[in-house]
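So the structure is just underneath, and the comments pick up after that.
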Amino acid sequence: MNGRFMLDGQPVMFEEGQTILQAAKAAGHYIPSLCWHPDFPPHGSCKLCIVKVGGRHVSSCALQAKDGMEIESNTPEINGERRALLQMLFVEGNHFCPSCEKSGNCELQAQAYELEMTSARFNYFFPVRPVDASHPDILLDFNRCIFCELCVRASRDIDGKSIFALTNRGIHKHLVVNAESGRLGDTDFSALDRAASICPVGVILPKRVGFAVPIGERIYDEKPISLVSMEKER
Amino acid sequence: MQDLDACVMDVLARHGRDPTRLLQILIELQDVLGHLSPPCLTRVAEGLSLPRSRVEGVAGFYSFLHAEPVGRYRIHFSDNITDRMLGAPALMETLCRKLWIEPGKVSEDGLVSVTTTSCTGMCDQGPALLVNGRAITRLDHHRVNEIAELVRQSVPLDAWPAAFFMIDDNIRRRDALLGASFEPGSALKAAISQGRADWLEQMRLSNLRGRGGAGFTTAVKWQSCRDAQGKDKVVVCNADEGEPGTFKDRVLLTRFAEQVFEGMTLAAWATGASLGLLYLRGEYRYLTTPLRAVLDKRRQAGLLGKDILGETGFNFDIDIHLGAGAYVCGEETALLESLEGKRGTPRIRPPFPVTVGYLGRPTVVNNVETLAKTTLIALEGGAAFAATGTPQSTGTKLLSVSGDCAFPGIYEYPFGVAIERVLEDCGASDAQMVQVGGASGVTIAGYEFHRRVAFEDVPSAGAFMVFDSSRDAFEIAHNFVDFFAHESCGFCTPCRIGTSLLKGYMDKLAQGFGAKMDLADIEWINRLLRNASHCGLGTTAPNPVVDTLIKFRPAYERRLKSLDFEPAFDLDAALDTARRMTGRDDAGAHLNGEASAREAQR
């Protein structure tokens, strides 16, 4: 059943089966997200897309739109919570933007600008996460992983290789690759895999092209992520 | 390698090379091999035609599965607050000293490792530990010394004194369920004679609500599953009793297993399910053998299997799945993932398990106590059941009482019982606070002891931990925060990072470095956990801190320095390495020493 909901006081039409996030974006209203990707089913882990429906927090990427819903998204309260979630992600890993070759193309960094995050607020965890340079074409820098599982999903569901998976749990959760040695070089991973180009942050990096486009001329250096994301999906 | 191959092949064959049995396979392999080495995981993956990465992901998720070599004796002290209050930390220290090992590390000869684990469900007879998965309760210095000696002499566990492994039921108050004599099959006979539809109607009349904590109406769940599209429906009994301070399901499975299995069969009768699964927490593994014996008995009596009690087409059987140390698997969708042999990560809901559950089949997930109670409804009728308790919380509730009281154990009361009544009955004369419903429950202060245990007032999954006036509310909340940080599955951002951040703040306060600003940060993290978490673990994780901050605020404030900001680290202590490297320890080598004082004057 098609219908209409109210998003921050504005009517949004939706089609049967659309989630809140899909319908909002289709109607030109941006909702921040990290683990959501138009080519995959919703994952619902980053929680950046939280909205309030009838006073209750829900993940807008996962909840199907219903007629008559009253939704709050772009409010100081929700954006404050989204900012805090970003701060959590920043202190959890080791994110040194000025020296990161993904700077300017990184969705985490872009969301931090979008949501006006000016400090990390919480104590850094400084986890020890060694890099893996064993593959001839790809470098893995686990320091920047935000556990969106896009590489896990892309490699499993599109490439059919299951190169990546998560192990352990809680704050000790981490990415592993499909090899007894634990080295990417010992897998059949290819730089042409869908998983090789899907990382929203700087974990999966093609070698030898890190600074082919200079910092300052990159995607989110030109435009905020809210605009880029809406243009891409149009 | 021949050994490893043979071992893996043997275990895989026993499980029919079924990938949904992955967790069971890993548990059994570890029993034989000691730990799950990288080559072992590779062979399991090959044997099941699964990606190796997925097998490694599952093996790494569960606390009781080990990727690294562990001691031949693996000792886990239960780390619940009730065990701690009974002296567990000192006992663990003693044991480590006697065995010449550090906590959390394996002895150099590979003989033994000693560490802590989340609540093992023995709070009424603590302090408790698990040795190679088997529970030993009522620890004291004498018993710990004996254990050290047995380990040092490498005495096999089967030759340890049987008294060590005795587990008491401690049933202190019996009511409708615990007081009734039960003839196996009688409830089923009654329900079959009523017919499926009328039986479900009796369930509806009873207004029975889930005893696992959420309080969802059982009949609604059953009806949704019955009406759901899809064949091969499933009934799951959630016996992953991980909530700290809860042990009622352990007693039900020990003494009332017939009622629990009959309840599962009653659910199958109502929903048309053909498969039953009991998910048993790893800590209760010792119950597997007696439970399987009960299942066999029921099969022989025609209460399980084909054409149950002669009713043509009523086919239902039950299997037991073991957990391996993951509290989050008590969440029903995480439990289903775990049953499927995956990481116990909660799913997105909706769809709910009643429509898309175990392997995509419509599935009812009920708590142990809920299922046992359905036998009473079958025998006495829904209206009679609804006559006890309160209108919104019908029937009785089992409480697991522990902590500072004379008579810890199981108490069955009609719903609506006042907290002060329970305190009186269990001999708690000096109670300062009660934690009802476990770590994720409600903290009740003295001025609220008139409140009642019921879904509409103080809901409870069954835990009832009593704390007397000598206890410190901050330390209790701190213990629970540690628990949640350890048990977070790590799927969603707020819970994965928020529970660990919260632990960091509580540690900082405990060390005396707290500042007012930290309390503000704690409240902010609490709010994020509650609002943004993916499942109930995250949304309830801040409860003990939220409640104690309101009701026992002085316990926090006296730990604060009066400053607005205080760093979490000691700047001068951070110079210690430099001092040791340079061999200096004069005043000039200290930040607060004379030199820096002169510096400041200049």
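The values are calculated or read from the model by the stated rules, or taken from the named source; none is laboratory data. If you're wondering where the values come from, they're calculated on a predicted model, not measured in any experiment. Here the Cβ positions follow ideal geometry from the backbone for every residue, glycine too, while neighbour counts run over all protein chains shown. Just the protein is used for accessible areas: all its heavy atoms, side chains included, with ligands, DNA and RNA removed. Shrake-Rupley method; radii C 1.70, N 1.55, O 1.52, S 1.80 Å.
Run the accessible area of the stretch B:396-471 with a 1.4 Å probe and give the carbon-and-sulfur part as a rounded percent. That share works out to 48 percent. As a rough guide to protection, the peptides B:58-67, B:444-453 ranked by mean Cβ packing within 10 Å, highest first, stand as B:58-67, B:444-453. Compute the accessible area of each residue in the stretch B:476-517 twice, once for its chain alone and once with every protein chain present, using a 1.4 Å probe on heavy atoms, and list those whose area falls by at least 40 Å². At a threshold of 40 Å² (probe 1.4 Å), the residues of the stretch B:476-517 that become less exposed are B:Phe491, B:Thr493, B:Arg496, B:Ile497, B:Ser500, B:Leu501. In sequence order, the stretch A:7-17 has phi-based couplings of 10, 6, x, 10, x, 10, 8, 9, 9, 3, x Hz under the Karplus curve 6.51 cos²θ - 1.76 cosθ + 1.60, θ = phi - 60°, and Gly or Pro positions carry x. Rounded, prolate or oblate: which fits the stretch B:73-168, taking a ≥ b ≥ c as square roots of the Cα gyration tensor eigenvalues, rounded meaning a/c under 1.5, else prolate when a/b beats b/c? Since a/c reaches 1.5 but b/c is at least a/b, the shape of the stretch B:73-168 is classed as oblate.
Per-residue Karplus couplings for the stretch B:407-422, computed as 6.51 cos²θ - 1.76 cosθ + 1.60 with θ equal to phi - 60°, are listed in order as 10, x, x, 9, 10, 9, 10, x, 3, x, 5, 6, 4, 5, 5, 4 Hz, Gly and Pro entered as x. Couplings for the stretch B:32-49, taken from phi via the Karplus curve 6.51 cos²θ - 1.76 cosθ + 1.60 with θ = phi - 60°, read 7, 9, x, 8, 9, 6, x, x, 4, 5, 4, 5, 4, 4, 4, x, 9, 6 Hz in order; Gly and Pro are left as x.
Residues whose amide H lies under 5 Å from that of B:Asp468, counting only those 5 or more places away or on a different chain, are B:Asp404, B:Gln432; hydrogens are built 1.01 Å from N in the peptide plane. Counts of other chain beta carbons within 10 angstrom of each beta carbon in peptide B:46-58 average 5. Only protein atoms count toward the accessible area here, which uses a 1.4 Å probe; on the stretch A:3-74, the carbon and sulfur part of that area reaches 45 percent. Amide H contacts for B:Ser78 (H built 1.01 Å from N in the peptide plane; partners 5 or more residues away or on another chain; cut-off under 5 Å): B:Thr117, B:Ala128, B:Leu129, B:Leu130. Using the 1.4 Å probe convention, the accessible area of the stretch B:396-471 works out to 29 Å² per residue with neighbouring protein chains retained. Average accessible surface for the stretch B:125-230: 46 Å² per residue, computed with a 1.4 Å probe over protein heavy atoms with every protein chain in place. For the stretch A:158-176, a drop of 10 Å² or more in accessible area on going from the chain alone to the assembled protein chains (1.4 Å probe) is found at A:Ser162, A:Ala165, A:Leu166, A:Thr167, A:Asn168, A:Arg169, A:Gly170, A:Ile171, A:Lys173, A:Val176. Take chain A, connect every pair of alpha-carbon atoms lying under 10 Å apart with a spring to form a Gaussian network, then pick out the residue of A:Val152, A:Val203, A:Val213 with the largest mean-square fluctuation. It is A:Val213. Applying Stokes-Einstein at 20 °C and 1.002 mPa s to the Kirkwood radius of the stretch B:431-558, computed over alpha-carbon pairs, gives a translational diffusion coefficient of 145 µm² s⁻¹.
Checking Cβ-Cβ separations below 4.7 Å across chain B identifies B:Cys7, B:Cys40, B:Cys96, B:Cys119, B:Cys123, B:Cys225, B:Cys237, B:Cys329, B:Cys489, B:Cys492, B:Cys495, B:Cys535 as cysteines lacking any candidate disulfide partner.
Comparing the full protein assembly with the isolated chain, the residues of the stretch B:12-43 losing at least 10 square angstrom of accessible surface (1.4 Å probe) are B:Pro38, B:Pro39, B:Thr42. Averaged over its residues, chain A has an accessible area of 45 Å² per residue, based on protein heavy atoms and a 1.4 Å probe. If you average the alpha carbon positions of the stretch B:376-454 and of the stretch B:108-141, how far apart do those two centres end up, in angstrom? Using only Cα atoms to place each centre, the spacing works out to 28 Å.
Nearest 0.05, what FRET efficiency do B:Asn132 and B:Ala90 give at R0 = 25 Å with Cβ-Cβ as r? The value I calculate is 0.60. Helices in chain B, meaning DSSP H runs of at least 4 residues, each add -39500 (n - 2.57). Divided by all residues, the mean residue ellipticity at 222 nm is -12500 deg cm²/dmol. With the convex hull drawn over the C-alpha atoms of the stretch A:1-149, the volume per residue is 125 Å³.
Taking amide hydrogens as placed 1.01 Å from N in the peptide plane, the amide H of B:Ile171 sits under 5 Å from those of B:Ile410, each at least 5 positions away in sequence or on another chain.
Of all the C-alpha pairs in the stretch B:2-59, what % are more than 20 Å from each other? Cα-Cα pairs in the stretch B:2-59 separated by more than 20 Å: 8 percent. Quantify how much of the Cα-Cα distance distribution of the protein assembly as shown extends past 42 Å, in percent. Beyond 42 Å sits 36 percent of the P(r) for the protein assembly as shown. The C-alpha atoms of chain B occupy a region whose extents along the principal axes are 96, 66, 47 Å, arranged from largest to smallest. Between chain A and chain B, the total buried accessible area stands at approximately 3300 Å², from heavy atoms with a 1.4 Å probe.
Holding the Cα-Cα limit at 19 Å, pick out from B:Lys189/B:Lys231; A:Lys173/B:Lys342; B:Lys105/B:Lys503; A:Lys66/B:Lys221; B:Lys516/B:Lys551 the pairs that are longer than that. Among B:Lys189/B:Lys231; A:Lys173/B:Lys342; B:Lys105/B:Lys503; A:Lys66/B:Lys221; B:Lys516/B:Lys551, the Cα-Cα distance tops 19 Å for B:Lys189/B:Lys231; B:Lys105/B:Lys503; A:Lys66/B:Lys221. Expressed as a whole percent, the accessible surface of the stretch B:73-168 that belongs to carbon and sulfur atoms is 53, based on a 1.4 Å probe.
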